[in-house]
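Below: one structure, written as structure tokens.
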Amino acid sequence: MDRSSRDDGATLFVVIKDEKKDLVTIAIRPEIRFSDRVRGMQESPTLAVLNRATALVAQGVDVVDFGPGEPDFRTPANVCEAGKRAIDEGITRYTNASGTKALRDAIAGRYNKRYGTKLRTENVIAGSGGKQELFNLMLALVDERDEVIIPTPYWVSFPDQVSFAGGTPIFTAVDAKNRFRPTFAAIEAAVSSRTRGVIVNSPCNPTGAVIEESELAKIADFCIARDLFLVFDETYELFVYDGSVHASAIRWFEKHPENIVIVNSMSKTFAMTGWRLGYAIAHPDIIAALGKIQSHSTSNPSSIAQVASIEALSGDDADVKKMYAAYCERRAWLVPALNRIPGITCANPDGAFYVFPDVSSFFGKGSIRDSGSFASFLLDEARVAVVPGAAFGADEYIRISYATSMERIKEGVARIEKALKNIV
Ligand SMILES: Cc1ncc(COP(=O)(O)O)c(C=O)c1O
């Protein structure tokens with residue numbers, strides 16, 4: 001038997017000559033067989049327009065980038081110093097997979113101080129971002145055929161995390177006229193015999209909505225009565241505006257730790273996105289389950305980030321206050337400026353650092369059919385990058401992040417206004 005092969009990079013041709021039968025077989029490299037789990041997963045849809053924007057910037061094009069879901073500020077100096085000290089002192093080895101006791105206690109301590117809770121080390125796990133804890137929570141709590149209710153517009157990863165765990169995301173719309181705030185009535189209407197839990201994110205990415213305490217109380221009571229989980233993601237907890245008050249599900253945690261889970265992160269509050277540190281607060285058994293998953297996947301979050309996070313959580317919040325003041329100023333300018341552009345309707349978001357204007361009045365004009373083509377239009381014609389609302393399950397909208405300087409915000413809005421004027 002004579003065997004040869006030729007590889008043109010994309011395809012492998014294998015030629016087998018069998019002398020007796022004079023047989024020539026050409027086998028083409030089979031497609032890689034991915035698991036159903038991965039095939040069912042979408043790549044983060046926020047990335048498509050942003051990747052194009054990055055490519056343009058690399059070519060030297062001046063793009064105003066309203067895409068980023070991260071603060072434009074540097075990590076506070078005292079936090080960076082703590083990270084540097086950790087390296088110098090050799091704190092560069094594995095730690096407990098669920099995070100050091102010192103960090104877990106610092107997280108518990110911050111909640112105990114703010115809310116008067118009595119959280120202990122066993123109630124806390126630290127991981128490589130809030131995203132990891134959310135992902136692991138779905139793996140730990142959701143089985144095949146379980147349904148998880150997600151108010152829509154939603155943060156992009158929630159549905160995929162539920163699906164990856166084998167569950168089914170059930171979307172329940174929030175009303176823009178109600179400032180996108182989730183309501184108990186809408187969640188109750190989506191409940192079925194298969195419902196396993198609810199995910200609430202407040203303040204919300206992408207809408208900025210801040211849930212009212214009275215609605216959260218009804219949702220929490222309902223989840224407790226039906227033995228459902230309520231995963232409450234408060235990654236943007238400190239960024240609430242105009243007298244709006246952040247209601248946290250931690251209020252129900254101590255009485256009902258089997259049902260309430262809190263997820264939070266260092267990323268947005270302390271401008272620490274790249275350090276990768278987030279955490280969950282839950283029943284010790286849930287924490288142990290998350291720890292088990294973590295011990296077989298990523299192990300501990302970075303030892304250096306853990307030391308830096310203790311400093312951030314325990315040090316003073318002066319830098320956080322400065323960032324907050326900047327977001328307040330930008331938001332106050334941005335919302336009315338967008339509403340002055342004919343065809344754009346922008347609700348005043350109560351929290352986070354995003355606005356979520358309705359741009360559907362432009363659909364059908366020029367090349368614009370939906371939020372994706374609207375975003376492409378802005379990138380091509382205005383050199384402004386935004387995220388299409390379709391990425392968050394709401395195609396009439398776009399997400400604009402104001403985690404960029406006032407100067408760039410003004411420039412970006414001027415460009416959007418000019419480009420939209422010319423469209424027929
Ligand atoms: C609503 C929400 N939850 C969780 C996360 C995860 O943040 P990280 O993994 O950086 O802690 C993000 C990040 O964008 C977010 O917007």
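The values are calculated or read from the model by the stated rules, or taken from the named source; none is laboratory data. It should be emphasised that the depicted structure is a prediction, and the values quoted were computed from it without experimental measurement. Because the Cβ atoms are built from the backbone with ideal geometry, glycine has one as well, and the counts that use them run over all protein chains shown. Only protein heavy atoms, including side chains, enter the accessible area calculation; ligands, DNA and RNA are left aside. Shrake-Rupley method; radii C 1.70, N 1.55, O 1.52, S 1.80 Å.
Residues checked against (1) charged (D, E, K, R); (2) outside the structural domain of H246 (by TED's automatic domain parsing); (3) farther than 14 Å from T207 by Cα:
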site: C328; (1), (2), (3): no, yes, yes
site: A347; (1), (2), (3): no, yes, no
site: G351; (1), (2), (3): no, yes, no
site: S361; (1), (2), (3): no, yes, yes
site: F374; (1), (2), (3): no, yes, yes
site: E396; (1), (2), (3): yes, yes, no
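Among the residues of segment 139-148, the ones that are more than 16 Å from the ligand (Cβ to nearest atom), closer than 18 Å to I260 by Cβ and either assigned by TED's automatic domain parsing to the domain that holds I400 or not in a loop (DSSP other than H, G, I, E, B) (or both) come to 2 in all. On the stretch given as segment 256-271, residues that are in contact with a Pro (Cβ under 9 Å, 6 or more places away or on another chain), among the hydrophobic types (A, V, I, L, M, F, W, C) and surrounded by 24 or more Cβ atoms within 10 Å (Cβ to Cβ) total 1. Among the residues of segment 199-258, those that are farther than 10 Å from G351 by Cα and touching a Gly at 6+ places or on another chain (Cβ under 6 Å) comprise L228, F229, T235.
State whether one or more residues within segment 180-187 are within 16 Å of the ligand (Cβ to nearest atom), in contact (Cβ under 8 Å) with a residue 40 or more places away in the chain and not in a loop (DSSP other than H, G, I, E, B). Checked against the condition, which is being within 16 Å of the ligand (Cβ to nearest atom), in contact (Cβ under 8 Å) with a residue 40 or more places away in the chain and not in a loop (DSSP other than H, G, I, E, B), segment 180-187 yields no hits at all.
For segment 116-138, filtering for residues that are part of a helix (DSSP H, G or I) and either open to solvent by less than 50 Å² (accessible area, probe 1.4 Å) or among the polar types (S, T, N, Q) (or both) leaves 9. Within segment 188-197, the presence of a residue that is in contact with a Phe, Trp or Tyr (Cβ under 7 Å, 6 or more places away or on another chain) and among the aliphatic types (A, V, I, L, M) is excluded.
Here segment 40-94 is the region considered, the condition is being among the acidic types (D, E) and within 15 Å of the ligand (Cβ to nearest atom), and the residue that is modelled with the lowest pLDDT is E70.
In segment 139-159, the condition of being surrounded by fewer than 23 Cβ atoms within 10 Å (Cβ to Cβ) and of a type in the set (S, T, N, Q) is met by at least one residue. Looking only at residues of segment 190-213 that are among the small types (G, A, S), in contact (Cβ under 8 Å) with a residue 40 or more places away in the chain and in a loop (DSSP other than H, G, I, E, B), we find that the one that is farthest from N264 (Cα to Cα) is S192.
With respect to K113, is the statement that it is assigned to a helix (DSSP H, G or I), within 16 Å of the ligand (Cβ to nearest atom), surrounded by fewer than 22 Cβ atoms within 10 Å (Cβ to Cβ) and not aliphatic (A, V, I, L, M) true? Considered against the rule, which asks whether it is assigned to a helix (DSSP H, G or I), within 16 Å of the ligand (Cβ to nearest atom), surrounded by fewer than 22 Cβ atoms within 10 Å (Cβ to Cβ) and not aliphatic (A, V, I, L, M), K113 comes out as no.
Yes/no matrix, rows are residues, columns are (1) open to solvent by 10 Å² or more (accessible area, probe 1.4 Å); (2) touching a Pro at 6+ places or on another chain (Cβ under 8 Å); (3) over 24 Å from P257 (Cα atoms):
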| residue | (1), (2), (3) |
| --- | --- |
| V174 | yes, yes, yes |
| K177 | yes, no, yes |
| F180 | yes, yes, yes |
| T183 | yes, no, no |
| R196 | yes, no, no |
| V200 | no, yes, no |
| E212 | yes, no, no |
| L216 | no, no, no |
| I219 | no, yes, no |
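Residues that are in contact with a Phe, Trp or Tyr (Cβ under 9 Å, 6 or more places away or on another chain), within 27 Å of S244 (Cβ to Cβ) and not in a helix (DSSP H, G or I) within segment 154-179 comprise Y154, W155, V156, F171, V174, listed in sequence order. Filter segment 343-364 down to the residues that are among the aromatic types (F, W, Y) and in a loop (DSSP other than H, G, I, E, B), then identify the one that is nearest to the chain's Cα centre (by Cα). Filtering segment 343-364 for residues that are among the aromatic types (F, W, Y) and in a loop (DSSP other than H, G, I, E, B), the one nearest to the chain's Cα centre (by Cα) comes out as F353. From the list A106, A97, the one residue that fits, being away from the ligand (no atom under 16 Å from the Cβ), in a loop (DSSP other than H, G, I, E, B) and buried (at least 20 other Cβ atoms within 10 Å of the Cβ), is A97.
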